[in-house]
Amino acid sequence: MAAVVHGYPSTMQDDYQLSMGRLIRQAVRAYPDAEIVHRNSAGEWGRTTYRENFDRIERAAGAFAKLGVEVGDRVGVMDWNSLRHYELYWAIPAIGAVFTQLNIRLPEDDLHYVINDSQASVVVVDETLVPIVENIAPQAKGVKTWVILSEGQIDHNLPNAVYYEDLLADAQPLDSWPNISETSAFAAGYTTGTTGRPKGVFYSHRSQYLHTYNTAKDLSASVDDVIMPITPMFHVLSWGMVQVAVMVGAKLVLPGQFSAETLGEITGALTDEGVTVTNGVPAIFTPMFEVLKSKGVTDLTGLRLLCGGSEPPASLIQSYQETFNAEVVHGYGATETSPIVTVNRVTEAMRERMSQEELNAYGSKQGKASVNIDLKIVDGLGNEVPADGETSGEILLKGPWITASYHGMPEEELADKFVDGYWRSGDVATIDAHGFIKITDRLKDVIKSGGEWISSIDMENAMIGHPKVAQAAVVGLEHPKWDERPFMLLVLRDGETITKDEIDEHLRQRFADWQLPEEFEVVDQIPATSVGKIDKKVIRNQYQDRYK
C-alpha cells in the first residue's frame, strides 16, 4: 500500500471523532419527532419517536455500565428486528463496548464458537430465542451475565440471568458518553461459515459512519422516506438500514419477528405506513410480491427495494415495476464490506442514450462501485480485465469500510485472502464501459467443463424465468470425461411438472447445447445457508456420484 503523504496542514477539526454515539445524539436533536413504528414478539404494534425512545437508550447504556461492561468489552445480541434491538444498536457502543451480532441461524456449534471467539462477557437474548442459548450456556464460560429481552418473567435455566426491562427500571441515564476513538470497534459480525468456522469482522465507528453516508446517498434516502429493514438486524447490521434512517431523520418501521410464511403483517405495514425503502433477498421479495398482489395492491410508487444476497431474477424486477411501479435496486456486498459496495442505479445519461430494452438488461447487474470504494477485477495473473462486459475475473476491494483482516486469524492464514491491501471477494464478475459489474459466479461455484467455464448463476436466473419454475439451483458435479458437468435442482410451482426437453428448449435461448445440464431433479426444497443463499456445498456433497 502506498505511503501516506502529508501536505500543508488544514485548519479543520480533524480530531473530531465520527462515532455512532454522536450520530444518535445529533439525530435525536435534529429529528426529535421522527417516528418509530415497532412490532413486538406477540405481534403487537406500537409507536414512539426518536426523542421519546432516547431515554430508554440512555438508561440502557447506564444499565450495561452498571453491569460492569467497560470500554472495549464485547456484548453479544440475539434478537429480531425489534425496538429493543434498535436500542441496543446505540446503547452498547455508547459506553465504548462492541455490539456483537449473534446470527440466530448459525448452527449451534458455530454460534457457540462466535460467542467464545468474540469473548463476549454479556449476551442479550430475546425470550423466543432463549431455548437456543440454553444449550450453549454451559460451555460459554466467558459469559458473566445473560440478559433476557421479554415482557415479563419466563421459565429458563440460564445462569446469572437478568431481565432487560428490570435493568432499565433501576438504571439512571449514562452520565457522559465517552469520546470514543473513531477507529475503535463499534460492532462485530461473523461470516456464515459455509467454508470452515465463521470469521470475525470488527467494524469501526468510522467505517460504519462513512458506510451510512454512502448508502443514504446511493438510495437517495431523505427525511421524507419511511424505512423498514426486512433483512435481519443480526446479519451485517441489516445492511446499515437502521443507521441510514437515523442519519437522514426518516420514519423507521421495525417489523419484529417474521418469516416468508408470515409476511401478511409485514406487507400490511409496508402499505399502511407508506414504506419507501426496504431491503431483503429474492427469497423474501418473491413471496412478498404474491402477498401484495393478493391484497389488491396496485401502486407502490416511490418504493425502493434494495435486493442483495443473490441476483434478483429479471422477472422479479419487471413484476414489481409493472404491477406496483416499485423499483427493485440490486446491491452487492459481504460481511467483510460492511456490506454495501455497489448499488444498481442507472444514470440520466444512460437513460438518454439507451433503449428501454437495454436499460432492462442492466437491472440484473450488481451496479457501480460506490465513490469511496476501490474496486478492480483481475484475471488469474493479477492483471485487470478490460471493461468490455465480457471478460471475467475476481473482484478485489479496498476502501474505508472494507476489512483489512479477520479477528484473531494468524498472519499466514490471511495471505490468500488479501492481496496488495485488497480483500479477495471470491466472486467472479465482468465490468462494462459504464462501470457496472455483473457477477457471473463464485470462484468455487464456476462449472469447469472441458476447459471452459459455465456460470451457474446465469443458468439459475435463466431457469427461474420459466413459468413453471419457482426456484433453481445449478452446481458442477465431477464428470469422468469433462471434469465437471452442470446438474440442476428445481422447485416447481404448485401442480406443475417439467421435462428435460422443456428445460433444454428454455435454456437454449441463452446457452449453447454443450452448456446444458446433463441431468436435473425436482425437489420440494433447495438447501440454503443460514442467510438464505443456495448451499451449493450441500448439493454437491449430496449428488457427488451422479455422473460417476
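The values are calculated or read from the model by the stated rules, or taken from the named source; none is laboratory data. As the structure is a prediction and not an experimental result, all values here were calculated from the model. We place every Cβ from the backbone using ideal geometry, glycine too, and count neighbours over all the protein chains shown.
Tell me which residues, restricted to segment 1-37, are more than 23 Å from Gln208 (Cβ to Cβ) and aromatic (Phe, Trp, Tyr).
Passing the criteria: only Tyr8.
Here are the criteria: (1) modelled with pLDDT of 95 or more; (2) surrounded by 17 or more Cβ atoms within 10 Å (Cβ to Cβ). Tell me which single one Gly393 does not satisfy.
Unmet for Gly393, out of (1) modelled with pLDDT of 95 or more; (2) surrounded by 17 or more Cβ atoms within 10 Å (Cβ to Cβ): (1).
Anything in segment 201-233 that is outside any loop (DSSP other than H, G, I, E, B) and under 15 Å from the mean Cα position of the chain (by Cα)? List them, or say none.
Within segment 201-233, Val201, Tyr203, Gln208, His211, Thr212, Thr215, Met228, Pro229 meet the criteria.
In segment 246-276, which residues are free of Cβ contacts under 8 Å to residues at least 60 places away in the same chain, part of a helix (DSSP H, G or I) and not β-branched (Val, Ile, Thr)?
Scanning segment 246-276 gives Ala260, Glu261, Gly264, Gly268, Leu270, Asp272.
Quick check on my filter: what residues within segment 318-336 are of a type in the set (Ser, Thr, Tyr) and buried (at least 24 other Cβ atoms within 10 Å of the Cβ)?
Passing the criteria: only Tyr332.
For residues in segment 129-159 being out of contact with any strand residue (DSSP E or B) (no Cβ under 9 Å at 6 or more places or on another chain) and assigned to a helix (DSSP H, G or I), which is surrounded by the most Cβ atoms within 10 Å (Cβ to Cβ)?
Applying the filter and picking the extreme gives Glu134.
Tell me, which residue of segment 133-162 that is farther than 23 Å from Asp55 by Cα and of a type in the set (D, E, K, R) is nearest to the chain's Cα centre (by Cα)?
Glu134
For segment 39-107, please list each of the strands (runs of 3 or more DSSP E) lying entirely inside it that holds at least 2 residues being in contact (Cβ under 8 Å) with a residue 24 or more places away in the chain and buried (at least 22 other Cβ atoms within 10 Å of the Cβ).
Because the criterion is at least 2 residues that are in contact (Cβ under 8 Å) with a residue 24 or more places away in the chain and buried (at least 22 other Cβ atoms within 10 Å of the Cβ), the strands (runs of 3 or more DSSP E) in segment 39-107 that meet it are 74-78, 98-101.
Give just the number: which of (1) farther than 24 Å from Pro255 by Cβ; (2) modelled with pLDDT of 95 or more; (3) aliphatic (A, V, I, L, M) does Leu292 not satisfy?
The one condition Leu292 does not meet is (1).
Restricting the search to segment 405-440, which residues are in a strand (DSSP E or B), under 20 Å from Asp388 (Cα atoms) and either without any contact (Cβ under 8 Å) to a residue 12 or more places away in the chain or not charged (D, E, K, R) (or both)?
Residues satisfying the conditions are Val428, Ala429, Thr430, Ile431, Phe436, Ile437, Ile439, Thr440.
Filter segment 1-49 for residues that are closer than 19 Å to Asp272 by Cβ and of a type in the set (Lys, Arg) and give the result.
Arg39, Arg47
Val162 fails exactly one of the following numbered conditions: (1) under 30 Å from Glu413 (Cα atoms); (2) not in a loop (DSSP other than H, G, I, E, B). What is the number of that condition?
Of the numbered conditions (1) under 30 Å from Glu413 (Cα atoms); (2) not in a loop (DSSP other than H, G, I, E, B), the odd one out for Val162 is (1).
Can you pull out the residues in segment 477-492 that are at pLDDT 95 or above and either on the phi > 0 side of the Ramachandran plot or surrounded by fewer than 18 Cβ atoms within 10 Å (Cβ to Cβ) (or both)?
Listed by number, the residues that qualify are Val491, Leu492.
Go through (1) part of a loop (DSSP other than H, G, I, E, B); (2) at pLDDT below 95; (3) aliphatic (A, V, I, L, M); (4) touching a Ser or Thr at 6+ places or on another chain (Cβ under 8 Å) and name the single condition Ile457 misses.
(1)
Checking the condition among the charged types (D, E, K, R), over 18 Å from the mean Cα position of the chain (by Cα) and surrounded by 19 or more Cβ atoms within 10 Å (Cβ to Cβ), which residue from Glu165, Glu182 passes?
Glu182
Determine if segment 280-298 includes at least one residue that is within 17 Å of His330 (Cα to Cα), surrounded by fewer than 22 Cβ atoms within 10 Å (Cβ to Cβ) and of a type in the set (Ser, Thr, Tyr).
yes
What residue, among those in segment 301-352 that are out of contact with any strand residue (DSSP E or B) (no Cβ under 9 Å at 6 or more places or on another chain) and not in a helix (DSSP H, G or I), is nearest to Asp535 (Cα to Cα)?
Pro313
Give the residue, chosen from Glu108, Glu87, Glu70, Glu58, that is within 22 Å of the chain's Cα centre (by Cα), charged (D, E, K, R) and under 23 Å from Ser184 (Cα atoms).
Glu87
Just one of (1) assigned to a loop (DSSP other than H, G, I, E, B); (2) buried (at least 18 other Cβ atoms within 10 Å of the Cβ) trips up Ser238, so point out which.
Going through (1) assigned to a loop (DSSP other than H, G, I, E, B); (2) buried (at least 18 other Cβ atoms within 10 Å of the Cβ) one by one, Ser238 breaks only (1).
Which of the following residues is acidic (Asp, Glu) and under 21 Å from Gly309 (Cα atoms): Asp513, Asp545, Asp524, Asp535?
Asp535
Taking the condition buried (at least 19 other Cβ atoms within 10 Å of the Cβ), modelled with pLDDT under 95 and in contact with a Leu (Cβ under 8 Å, 6 or more places away or on another chain), does Gly189 pass?
Taking the combined requirement at face value, the residue does not satisfy it.
Would you check which residues across segment 374-397 are touching a residue at least 40 places away in the same chain (Cβ under 8 Å) and part of a loop (DSSP other than H, G, I, E, B) and list them?
Residues satisfying the conditions are Val385, Ala387, Asp388, Gly389, Glu390, Ser392.
Output the residue which, of all residues in segment 403-429 that are within 22 Å of the chain's Cα centre (by Cα) and among the β-branched types (Val, Ile, Thr), is farthest from Gly363 (Cα to Cα).
Out of the qualifying residues, it is Thr403.
Please go through segment 353-373 and give me each residue that is part of a helix (DSSP H, G or I) and either of a type in the set (Val, Ile, Thr) or under 18 Å from Val277 (Cα atoms) (or both), ordered by number.
Gly363, the sole residue that qualifies.
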